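The values are calculated or read from the model by the stated rules, or taken from the named source; none is laboratory data. Quantities reported herein were computed from a predicted structural model and do not represent experimental measurements. Backbone-built Cβ (ideal geometry, glycine too); neighbour counts: all protein chains shown.
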Amino acid sequence: MTAAAPRVAGLTTRHWRVVLVVGVLVLACVLPFLVSNYRTFQLTMMLVYAIALLGLNLLTGYNGQISLGHGAWFALGAYTTAIMIDQWGIPYYWTLPVAAAVCLVVGFLFGVPALRLRGHYLALATLALALVIPQLLKYQPLQPFTGGVQGILILKPEVPWGLPINQDQWLYFFVLAITLVMFVLGWNLIRGRVGRALVAIRDHEVAAETMGVNNALYKSTVFGVSALYTGVAGALSAVVVQFVAPDSYNILVSITLLVGIVVGGLASISGAIFGAAFIQFIPQVAESVSKAAPWAIYGVFLILLMFVMPTGIAGFIKWVSYRFLGTRGGD
Amino acid sequence: MDVFLQQVVSGLAAGGIYASLALALVMIYQSTEHINLAQGEMAMFSTYIAWTLIDAGIPYWIAFVATLVISFIGGVLIERLIIRPVENAPVLSLVIVFIGLLVIFNSLAGWIFTYTIKPFPSPFPESPISVGNVVLSPHSLGAIGVTLLILLLLFGFFRYTSLGLAMRAAAQNPVSARLVGIRVAWMLALGWGLAAAVGAVAGMMVAPVIFLDPNMMGGVLIYAFAAALFGGITSPGGAVFGGFTIGVVEALAGTYVPFIGSELKLLVALVIIVGTLLIKPTGVFGKAVVSRV
């Protein structure tokens, strides 16, 4: 096949993808030195969302388990980190593995009863989960830890090792490094045997089971892993925003994440980045029109994309490269 | 004992509202096996239409009927224009479209009517009725009555009219129904219209209690889902039974279980949903569905 692989400007698709990835990485490293601190903060949040979207995409896009409640894992990760920093003075970077582990375990445990639910029912149960979270966080007996309605304030991390960058830039590079690790891990998970098993379960459960895939184990594990990704994103968001409060983790967070994977592209790794850019930057543009406008736009995008482009931005790019360059872009 | 009775009655009143919305969910589920996640927001939007009409000086009951008609037409249009093109798409696409509808209705309401909380009139007298030591609110009793009336009307419609029979046929066996000349697609649209109208009743009955704002239906919708699942999502009677039961359980749990209070009421709904799905997924009155692979 390699000999016949189509070439564009003398390079094969494979090489072009390497060039593209390196280009994006270089741009990602240079960008914070070119823009204001506020923009750097926005880019950091975009990376945080990208991790969360990758997590949701593992579950919903690749495995076909619909979750309308991923805001719950985002909140769980954020509060784990915030409480550890606030109560016990643990450095923020050590709280990340703990947040990841907590979300993995709780996600796995929620994934076990979720095995019995599919389609609409799972959507419903997870939607209820998302609605309960703010109430739980405000719950009186938990207030010594969660700070109740007031939430928890965290200090902005200092730049270590005397690096010649400011705090916002340091946070950006810190989050960028973790994003890269999470994406490489996610890519490894998806491209191999596990990824094929997940997709097989999504496409036909009975057939997958017949082929020897342990459906129950895979489905509950991917629930846990998905919660882990979103939880790590939540933990990072707590550090970046320096504040957690119950009302920032309402049902809208879960819907925003859903919008992100639909717009970016279901079952696509690069889609997580496009989706993250969309949910980070589009609402700000729309908010200048009206407070309700971002949500109206989200709604319209959700429905329109299902009608005309169910594979989202990533699918569109793939289609364009296939149609006009004659190459088969991969993920 | 008095507190107990009072909580039971207020639970029944809330339950009537959950029952109406659960009934709307069941109607759409029966004909299409879709759970309409936007049902609550559609009801909320209908309530805003009623508020606009009443605010313009139209008498309550005329506005009530007009709202039902408008909601019915709106429901039919949504089915024809938005749901029909994705009717046979994977569940994920449908859920996304429903969430899209939910978000659009919510933001439209916020955009047009602002996010300020508005009072909504009740058609029933205000002065409480005392029976012995128990004080009952006329609105609670009225809401229970309206729910039961709607249930009776729907039952009569589906049981004794030929249109109702055609709708049942279209839901049970679309192919055979089409072969005997029933326009199945229009029956589905009619179902959506009816569901929207029933939802509108729920909205207008709950709004005097919890006030009108674009997010008012979030909690109510989850309770309605819990009610529909608990009673059996395939059974209209079960949905009404589930609605009343869950209303009473909610009221009693909030009063007597100290750690729940009013703070964790939604948790009760989550527990009921997950519990029902785990223990008896078909609900109390539902029938098990066997599917062919």
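The criterion of at least 1 residues that are closer than 30 Å to residue A:150 by Cα and of a type in the set (Lys, Arg) is met, among helices (runs of 4 or more DSSP H) falling completely within the stretch A:8-94, by A:37-56.
Between B:17, B:96, B:58, the distinction of being closer than 28 Å to residue A:130 by Cα, β-branched (Val, Ile, Thr) and more than 12 Å from chain A (Cβ to nearest Cβ) belongs to B:17 only. Of all residues in the stretch A:176-191, none satisfies being on the phi < 0 side of the Ramachandran plot, more than 22 Å from the chain's Cα centre (by Cα) and of a type in the set (D, E, K, R). Of all residues in the stretch B:104-115, none are surrounded by fewer than 21 Cβ atoms within 10 Å (Cβ to Cβ), more than 23 Å from residue A:291 (Cα to Cα), touching a residue at least 24 places away in the same chain (Cβ under 8 Å) and of a type outside the set (Asp, Glu). Restricting the stretch A:295-310 to residues that are at the interface with another protein chain (Cβ under 8 Å from one of its Cβ atoms) and under 19 Å from residue B:214 (Cα atoms), the residue that is surrounded by the fewest Cβ atoms within 10 Å (Cβ to Cβ) is A:300.
Does the stretch A:119-140 contain at least one residue that is within 22 Å of the chain's Cα centre (by Cα) and in a loop (DSSP other than H, G, I, E, B)? Checked against the condition, which is being within 22 Å of the chain's Cα centre (by Cα) and in a loop (DSSP other than H, G, I, E, B), the stretch A:119-140 yields at least one hit. Could you please let me know if residue A:102 is in a helix (DSSP H, G or I) and within 14 Å of chain B (Cβ to nearest Cβ)? When the stated conditions are applied, residue A:102 does not pass them. Scanning the stretch A:25-78 for residues that are free of Cβ contacts under 8 Å to residues at least 60 places away in the same chain and small (Gly, Ala, Ser) returns a single hit, A:36.
Checking the conditions here, which among B:76, B:65, B:3 is more than 14 Å from chain A (Cβ to nearest Cβ), part of a helix (DSSP H, G or I) and modelled with pLDDT under 85? Matching residue, one of B:76, B:65, B:3: B:3.
Here the stretch B:188-240 is the region considered, the condition is being over 19 Å from residue B:106 (Cα atoms) and either basic (Lys, Arg) or not in a helix (DSSP H, G or I) (or both), and the residue that is nearest to the other protein chains (Cβ to nearest Cβ) is B:233.
Would you say residue B:141 is surrounded by fewer than 18 Cβ atoms within 10 Å (Cβ to Cβ), of a type outside the set (S, T, N, Q), in a helix (DSSP H, G or I) and in contact (Cβ under 8 Å) with a residue 24 or more places away in the chain? Spelling it out, residue B:141 is indeed surrounded by fewer than 18 Cβ atoms within 10 Å (Cβ to Cβ), of a type outside the set (S, T, N, Q), in a helix (DSSP H, G or I) and in contact (Cβ under 8 Å) with a residue 24 or more places away in the chain.
Out of A:249, A:229, one residue alone is modelled with pLDDT of 85 or more and not hydrophobic (A, V, I, L, M, F, W, C). It is A:229.
Listed conditions (1) surrounded by 20 or more Cβ atoms within 10 Å (Cβ to Cβ); (2) more than 11 Å from every other protein chain (Cβ to nearest Cβ); (3) not hydroxyl-bearing (Ser, Thr, Tyr) are all met by residue A:108, apart from (1).
When the helices (runs of 4 or more DSSP H) confined to the stretch A:224-331 are screened for residues that are within 26 Å of residue B:115 (Cβ to Cβ), those reaching at least 2 such residues are found at A:251-264, A:269-287, A:293-308. When the residues of the stretch A:128-179 are filtered to those that are more than 14 Å from chain B (Cβ to nearest Cβ) and in contact with a Pro (Cβ under 6 Å, 6 or more places away or on another chain), the one that is nearest to residue A:236 (Cα to Cα) is A:172. Among the conditions (1) assigned to a strand (DSSP E or B); (2) within 14 Å of another protein chain (Cβ to nearest Cβ); (3) hydrophobic (A, V, I, L, M, F, W, C), residue B:135 misses just one, which is (2). Per the listing B:50, B:22, B:43, the residue uniquely farther than 14 Å from residue B:75 by Cβ, crowded, with 23+ Cβ neighbours inside 10 Å, more than 14 Å from every other protein chain (Cβ to nearest Cβ) and touching a residue at least 60 places away in the same chain (Cβ under 8 Å) is B:50.
Does residue A:125 satisfy the condition of being within 14 Å of another protein chain (Cβ to nearest Cβ), of a type in the set (Gly, Ala, Ser) and out of contact with any strand residue (DSSP E or B) (no Cβ under 7 Å at 6 or more places or on another chain)? For residue A:125, the condition - within 14 Å of another protein chain (Cβ to nearest Cβ), of a type in the set (Gly, Ala, Ser) and out of contact with any strand residue (DSSP E or B) (no Cβ under 7 Å at 6 or more places or on another chain) - is met. If you go through the stretch B:106-122 and keep only what is more than 8 Å from every other protein chain (Cβ to nearest Cβ) and aromatic (Phe, Trp, Tyr), you end up with B:113, B:120.
So is residue A:83 at pLDDT below 85 and over 24 Å from residue B:219 (Cα atoms) or not? So residue A:83 does not fit the description; no.
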